[in-house]
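Comments concern the structure below.
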Amino acid sequence: MLTLKVVVVGSCACGKTTLIRTFLRNDVRDTVPSPTVQEVYTGHIQHHRTEVRLVIWDTGDSDLLLDPSRSSCYAEADVVLLCFSVRDIFSPSEVPSRWAKEIRHFNPLVPVLLVATQIDLREDPNIVRELAQIKCRPISVAEGFQLAQAVRAAHYVECSAMNLDSVRKVFESVLQTCHKINARPLTSLALW
């Protein structure tokens, strides 16, 4: 059975753990967000009638390069899901300045999928009103694509843990990315 190591990174409370748990449970029941230091989950997904085992590393928002455990989570990773919340105006700014740098530092050749989370909140009147009070708005699809281009992500995908199809799409993108990467010569793997 093919096994892929998937590392999930992003700012605190951007929805990483909820994304993973929704995928693994295969349902959208509410989950109480819980801060994660580092957890490793195992799940399975079908790809062309073949079962693929996903070893998913859920990382916390530690002090990055100072934390010695960070390097181990990136070692031999097949893909990194770099998550940000569309409702958190600071989360996207950390993508290039913080997370992309960390990924490049520990595993410069790993393909990166940029994942916008909590997209159901883009249209939530309370969130829109709250952000408008500080002269902001949720991150748009176009802004997400621009961010993906800026960090040279292999793919850009959006999801809401309240929509199981969008969560599945994230993990199907993992398979597509790994398939594409494995089909290319090693020299074309550098995405940064």
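Of note:
- Single match in ARG122, ARG137 (criterion: at negative phi, surrounded by fewer than 21 Cβ atoms within 10 Å (Cβ to Cβ) and out of contact with any Lys or Arg (no Cβ under 8 Å at 6 or more places or on another chain)): ARG137
- Annotation: of all residues in segment 145-180 being part of a helix (DSSP H, G or I) and among the small types (Gly, Ala, Ser), the one that is farthest from the chain's Cα centre (by Cα) is ALA150.
We did not get these values from a lab; they are worked out from the coordinates using the rules stated. Note that the structure is a prediction, hence the values are computed from the model and not measured. Cβ sites come from the backbone with ideal geometry, for glycine too, and all protein chains shown count toward neighbours.
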